[in-house]
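The block underneath contains the structure these notes are about, expressed in C-alpha cells.
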C-alpha cells in the first residue's frame with residue numbers, strides 16, 4: 001500500500017503492548033488449500049451469474065501483490081487478496097490463478113535500512129520481549145521471476161501509484177533519473193524497459209492476459225505516501241488533474257481492449273490504520289518530578305520568550321498558553337513543530353508546542369522518542385499529522401474517490417464499485433467509524449485493527465495480514481454477487497493465521 005522510495009521508515013517499535021501470542025508459524029503455501037478447501041456444500045447452488053470468471057486477473061499495488069510485514073514473501077503472496085478471491089471463484093469456473101512467485105520465505109524488507117554486515121533483513125515478525133515488530137535476519141534480494149510472464153494473473157506491484165501502471169519506466173532502467181522504476185515490476189515485466197520510453201507496461205501486460213474478469217485496486221499510494229511522511233513533502237502528492245487522467249486511462253484501456261467485467265475499489269479511510277493510530281499523543285512517560293523539572297528548565301527561555309511575545313501583542317494569551325512547554329510526572333505530550341503557529345522567528349523563537357489529542361502521530365515516531373526527540377528536541381513535521389494536514393489528506397482522498405466513482409459509472413454494465421467508505425462497511429466497522437469502537441467480530445471473535453495476535457494488520461501497521469486479506473476478499477465477493485447476480489462462497493477468515501512470532505531469527509534477538 002506504499003510509494004516504494006518515499007515511504008517513512010518503519011523501525012523497531014517499542015510503543016505497542018501485546019498481551020499474548022498464538023500458535024506457531026506454518027507453511028501457508030502447503031496449508032492454504034487445507035485451510036480453505038473448495039466449498040462443497042450441497043445445499044448451496046454457487047453460480048457465476050452474469051459474469052465469466054474463467055480467466056480472472058488482478059491489478060493494483062501492494063494490497064494486490066500480497067505484500068505484508070514490510071516485505072513480499074511466500075506466505076503473504078500465497079494468501080494475497082486476489083489469490084483468496086480466486087480460490088472462491090474456482091467453484092464457479094475460474095481455471096487458474098498464477099502469481100509472479102517471489103520464492104522467498106522472508107522476502108526483502110523494503111521499509112528498513114539493511115545493515116552493512118552481509119545480512120539481508122526480511123519481513124517483520126513480532127518480538128514479544130520488546131514488545132514490537134523486528135525484521136528477520138535471513139531475507140533475500142529481490143530476484144527475477146523465472147516463470148512464464150504470459151501466464152500471469154496477478155499484476156499487483158508493491159509501491160506503485162496510478163501513473164506507474166501506464167509507463168514503461170516502471171520496468172526500468174534502475175537509475176536516479178528514473179523515479180518511476182519499481183523492482184517488483186521489473187522482475188516480471190514481459191519486456192522490461194531499457195530506456196524508460198519503450199517496453200512493456202503493467203496495464204498492457206494485464207490486458208495481454210485477455211481477462212474475462214478483473215479486480216482493480218489502485219490509488220491508495222497517491223495519498224498514502226504523502227500521509228505516511230507526515231504530510232511533509234507535497235512533491236509526492238498526486239495532482240488532481242494527473243490522477244483523473246491516469247485513472248481514466250487505466251479504466252478506458254481495460255474496457256477498450258478486453259471484454260472483461262470487473263470490480264473496482266476506491267481509497268479507504270487510511271488515517272484509521274495503526275500506522276497513524278498506534279502511538280498516542282501523550283507518548284512521553286516521566287516517572288519522577290526530577291525528570292520533569294530537568295526538561296522544564298530546558299524550555300524556560302522559550303516559555304519566557306512567549307511571555308514577551310504576548311506582551312508585545314504578537315500573540316494572544318490563548319496561543320501563548322498553547323505553545324508553553326510544561327512536563328509533569330506521568331504521560332506527557334511531546335514537543336513538536338507546528339508551521340501553522342504565528343511566526344516568532346524575529347524573536348528567535350521556533351514554532352513549538354506540545355502535541356494535542358487531535359494530532360496523529362506517525363508510527364516511526366516511537367523510535368525517535370527513544371533518542372530524545374519530543375523531549376530534548378522537537379519532533380519534526382514528518383512525524384506528526386496536525387488537524388489541517390489530516391483535513392487536506394481527507395479532501396484529497398474524497399476528490400480521488402469521486403474521480404474513481406465517475407470512471408466506473410461510465411461502464412455501468414461491466415464495472416462494479418466496491419466503496420470502501422460505506423458508512424456501514426467493513427472499514428467503518430474495523431476503524432470504529434460506525435460506532436466509535438474499533439474492531440470487527442467474525443464468528444464470535446473480536447479482531448482488532450492492529451498487529452496484535454488478534455489483529456488484522458500485518459506488522460508493518462499498514463497492510464492486512466492473512467486474516468485481513470480474507471475479510472477484504474469476502475467484501476469483494478459480496479460486491480461481485482450484488483452486481484453480477486452471482487452466488488459465491490466466503491473465505492473462512494479464522495482458518496488463517498495473523499501475527500507471526502520471532503523465534504530466534506529476528507534482528508532484535510541476535511543483536512544485529
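Any read-out appearing in this document is the output of simple, stated calculations on the displayed coordinates, not a laboratory observation. For clarity, every value in this text was computed on a predicted model and none was experimentally measured. Cβ sites come from the backbone with ideal geometry, for glycine too, and all protein chains shown count toward neighbours.
In region 437-478, inverting the average of 1/r over every pair of distinct C-alpha atoms gives 10.4 Å as the Kirkwood radius.
For the Cα trace of region 220-338, dividing Rg by the Kirkwood Rh returns an Rg/Rh value of 1.23.
Kirkwood Rh and Cα-based Rg: tell me the resulting Rg over Rh for region 284-386, rounded to two decimals. My calculation puts Rg/Rh at 0.96. Across all directions, the average flat footprint of the convex hull enclosing the Cα atoms of region 40-87 is 4.7 nm². Net length available on complete extension from residue 482 to residue 245 is 82.4 nm, with 0.36 nm assigned per residue and the Cα-Cα distance removed.
Between the beta carbons of residue 329 and residue 233, assuming R0 = 51 Å, the FRET efficiency works out to 0.85 to the nearest 0.05. Among 487, 167, 340, 111, the ranking by other beta carbons within 10 Å of each residue's beta carbon, starting with the fewest, stands as 340, 487, 167, 111. Each residue, residue 195 and residue 117, gets one label point 7 Å from its Cα in the Cβ direction; the gap between the two is 4.6 nm. Dividing the summed -39500 (n - 2.57) terms of all DSSP H runs of n ≥ 4 by the residue count of the chain sets its mean residue ellipticity at 222 nm at -8500 deg cm²/dmol.
Taking all pairs of different Cα atoms in region 99-163, averaging 1/r and flipping that mean, what Kirkwood radius in angstroms comes out? Roughly 13.8 Å, rounded to one decimal. Cβ crowding within 10 Å, taken as a proxy for footprinting-reagent exposure, orders 281, 73, 411 from fewest neighbours to most as 411, 281, 73. Once the Cα atoms are used to define both axes, helix 240-257 deviates from the longest principal axis of the chain by about 10 degrees.
Counting every other Cβ atom within 10 Å of each residue's Cβ, 157, 137, 445 order from fewest to most as 445, 137, 157.
Taking one quarter of the surface of the C-alpha convex hull of region 166-282 gives a mean projected area of 9.1 nm².
Out of all DSSP beta bridges in the chain, what portion is antiparallel? Express it as a percent rounded to 5. Once the DSSP bridges in the chain are tallied, antiparallel ones form about 50 percent. Over the chain, the ratio between the Cα radius of gyration and 2.2 N^0.38 Å evaluates to 1.02.
Remark: spin-label model distance residue 422-residue 442 equals 1.7 nm, labels positioned 7 Å along the Cα→Cβ axis.
Would you mind checking region 79-122 for residues with the amide N under 19 Å from a putative spin-label position 7 Å along Cα→C-beta of residue 44? The answer is 81-95, whose backbone nitrogens lie closer than 19 Å to the label point. For a modelled paramagnetic label at residue 148, 7 Å from Cα along Cα-to-Cβ, the residues of region 53-84 in reach, with backbone nitrogen under 20 Å, are 54-58. Here the gap between residue 287 and residue 95, fully extended at 0.36 nm per residue and compared with their Cα-Cα distance, gives a gain of 62.9 nm. Subtracting the Cα-Cα distance of residue 103 and residue 174 from their residue separation scaled by 0.36 nm leaves 23.4 nm. The convex hull of the Cα atoms of region 328-391, projected and averaged over all directions, covers 5.0 nm².
The label-point distance for residue 347 and residue 312, in a model that sets each label 7 Å from Cα toward Cβ, rounds to 0.7 nm. Rg/Rh for region 399-498 stands at 1.00; both radii use Cα atoms, and Rh follows the Kirkwood definition.
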